[in-house]
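As C-alpha cells, the structure follows; a few thoughts come after it.
The values are calculated or read from the model by the stated rules, or taken from the named source; none is laboratory data. None of these values were measured; they are calculated from a predicted model. Cβ placement follows ideal geometry from the backbone for every residue including glycine, while neighbour counts extend to all protein chains displayed. What goes into the accessible areas is simple: the full protein's heavy atoms, side chains included, and nothing from ligands, DNA or RNA. Shrake-Rupley method; radii C 1.70, N 1.55, O 1.52, S 1.80 Å.
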Amino acid sequence: MSSADSAQAGSSVNDEHLNPAPSSAGSDQQTIGSPHSNWRWFWLALGIVSVPLLVPYLVTLWANTTYHYIPFAVAVVVWLAYQRSDGVFYPPRGTASWAAVGIGLLLVVAGAILKFPWFGAVACVLFATSLLRAMRGPHDRTLLVLALPLWSAIQLIRLDALLVIRLQRITTWMSSVLLDAVAIPHAVTNNVIQLADRELFVAEACSGIQSVFTLGFLALTVVAWKKRRVWTAPIYLGIACLLALFSNVVRVTVVALAASWYQIDLAEGWPHELLGYLALGLAFAFLLSFDFLMVTLFHVVPDETEFNPLVSVWNRIAIRDSEEEGGRMTQRDTNTWIEQDRRGMFFETAQSLVRNRNAQIGFLCVMVVVGGLSIFQVITSRRPEDRVSGETDLVFDPPSDLVSALQSLSVVNHVANRNYEVPYLGANSDVWECSWEDMTAQIVLSQPHKGWHELCDCYERLDWMLLDRDIKSPTDFETLEIESQNPDALRTTYVLARFKQGPSARGYLLFSGIGSDGTLLDAPNSLAAFSHRVWNRIDSTGVWDQNEVLMFQMWVIVPDKIEPKRLLALEEDFIAMRAKIADAIAINAGRIRPTETKSQPAQANVQRPNDATPEVAAFATEASSLSDDKLTTESEVH
C-alpha cells in the first residue's frame, strides 16, 4: 500500500471511528465507537478541582528562580497538543489511566486535608498525563509523550538541593583542573575558587547550577517534540545533567579567565546573565546533537520478506525519525487500537456511566465537595506578608544586645555583616560570639532566605561530615521556663546536628527557622522528600509556605564530644534565645505590641530523657585534642 493509500485509509477509518455507520447494534455501536461529548466535561472537572491547590504551589515555586521555566513547559505542552490532537476528548485509556485518575483524586483530598499543595500539583500532572494518553490525532496513536515536560514542574523537594550540592562540588573541581591547564594561579576552598585579587563563589554567583533543571526540561521537551520513545527520557535526563556540568564549568572558567587575563568582571550584572544564556544555548545545541546520535544508533530496521522475531522486537523499541513517525495511521493500526480500547476493563462501564444522569450528578457532587474543600483551605489559610523586595534587604535589624542573659553562655562580641560582606554567611547576618568555660560558640541570625534553608548542607560544603541530624522539641525537657508571647515557642521543633571533621574535630549545630512575621517554623525531616510538610507543618499559614525566613543557629566546635548535661544546657539557651528573637521579629512586623511582651514564663512539663541512657551516654566517649585557633574560626559559620 502506498503512502497516499495509507493516508486515505487512515482518514476514512478515523471518520468511521468518530461517526460509525448504523448497524444492527444501533445505539450500542454508537456508544462503543464514538466518545460521548460529556468526556470533555469530565476532564475539565478534574482540571478545575486541582486548581485551588495548584495556585499556592506555583506561587511558592516561582519564588525559586530554579523553576522559572515552568510557564514554558506548560506552553510547549499545550501548543504541541493543539497541533497534534484531533480535537476529540476520549475516556481514560486502560486500567493504568483510570488508576492515575483515582490516585489524583485521592491526592487532591489528601492535599486539602493536610494543607500540602504539592499533592495537588502531582494530581494535576497525573490528570494531564491520563488525558494526553487518551488523546490521539491524525498522525499519532497517543499523545502520552507530551506529558513528559509537565513532570519537570514537580519539585523534588530536598532531593533537588542534594543534587545541586553534588554538582557544585564537581563543577568546582573540574573548573580548577581547567585553570591549572591554562596556568591560572588559584586556590580552592570548598566551593570557592580564590584568584589573586578576588573570590569566585561557585555555590552562589558563578555556577548557574540551576541550569541542570532547565536543561532537564529542555531534554524532555526534545523527547516530546521529536516524538521519541518514552523509555528514552531517563537517558536524555542523564545527558542533561552532564551538559549542565559542562555549561557551568565553561561559565566558571570563562569568568576566572576574564578576571585574570583582562580584569573584566563577568561574575555580576548583565554580563553574567548573558554568559549564562550563551552557555545554556551551547548545552542545548549539544542536546540536539545527542538526539541525532540516538536516532542513528536506535534506527528502525527495514522489515524482511519473511518474519524475523529479532527485527520485530528491535523495531518495537527503535527510535523513529520524526518525519517517519509523522505518517498517518494505517487502517490496521487504527482498528487494532480501537479494539484494544474496547477490551479494556472499564471501557463499556465508563461509556454507559457517562450517559447516565445519576452518575453525572454523583460525579458532579464529588467534584464540588473536593473542590470546595480545597478552596476553603486556600481561603482560610493565612498568606505570609512579603516584607522585603530584594535579596539584600533586611527583614529585621537586630540590636547588638538582643542575644544576652543566657543561662550558660556569655556573649563576648557581636558582628553585623550586611550586603554580602561575608558571602558564605548570606546576604545579611549577625554573629554573636559566645563562650562557656573552655567552650566557644557562635550564634548567628542570617537573612533573608526563600523558605527553609537547610544549614546541614552548608556545613557539608565546608567539608564537615554529617554524623546525624535529629528533630528535637522543647517538650522533651522535664521543665523549661522561657519568657515568650508566642505559645509555639514551647512546641516548635528544631534541628540538632552532629558533625565530624578530620580525626578529632566535632561540631554541634542547632538551628531553626523564623518567619518574617515572627512565626516559628517546625523543622523538616532530614531526607524526606515531602513528609516535612505532611507530618511536620513547616509553618502555621496553611497551604501557603513561609517564603521569607530568617535562620537562627548555634554552632559549636569542640575537640571532644560534649557531655549530655552540657548539651542540654546549650539547647535550653538556644530555645530561650529563639523565642526572644521571634518575639522581637513579631514586634517589628507589627503582630505584637511592645507592651504585650511582658508575659509570665511559659513552662513545659514533660518527662526528660534519662541522662544515663545508652543513646545519650554514647556521646561522651572518644576524647581527643584540637588546636584553640580552629575552635573560633569564623569561616566555619554559614
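Segment ARG141..GLU483, full-extension length gain: 116.4 nm, with 0.36 nm per residue of separation and the alpha-carbon distance subtracted. Full extension of the segment from SER435 to ARG198, taken as 0.36 nm per residue of separation minus the current Cα-Cα distance, would add 82.0 nm.
Highest mean packing first, where packing is the average number of other Cβ atoms within 10 Å per residue, the peptides 231-238, 482-489, 106-113, 507-514 line up as 507-514, 106-113, 482-489, 231-238. Above 19 Å, the calculated P(r) of the stretch 101-206 contains 64 percent of its Cα-Cα pairs.
Give me the percent of the accessible area of the stretch 141-287 that comes from carbon and sulfur atoms, probe 1.4 Å, all protein chains in place. Roughly 69 percent of what the probe reaches on the stretch 141-287 is carbon or sulfur. Over 32 Å apart at the Cα level, from the set LYS500/LYS565; LYS450/LYS500; LYS115/LYS472; LYS115/LYS565; LYS450/LYS580; LYS115/LYS580, are LYS115/LYS565. Ranked by the mean number of other Cβ atoms within 10 Å of their residues, highest first, the peptides 251-259, 179-187 come out as 251-259, 179-187.
The alpha-carbon atoms of the stretch 444-533 define a convex hull whose volume equals 133 cubic angstrom per residue.
Per Stokes-Einstein, at 25 °C and 0.890 mPa s, what whole-number D in µm² s⁻¹ belongs to the stretch 409-455, with the Kirkwood radius over Cα pairs as the hydrodynamic radius? Once the numbers are plugged in, D ends up at 212 µm²/s. In terms of its alpha-carbon gyration tensor, the stretch 72-127 comes out oblate; a/c meets the 1.5 threshold, while b/c is at least as large as a/b.
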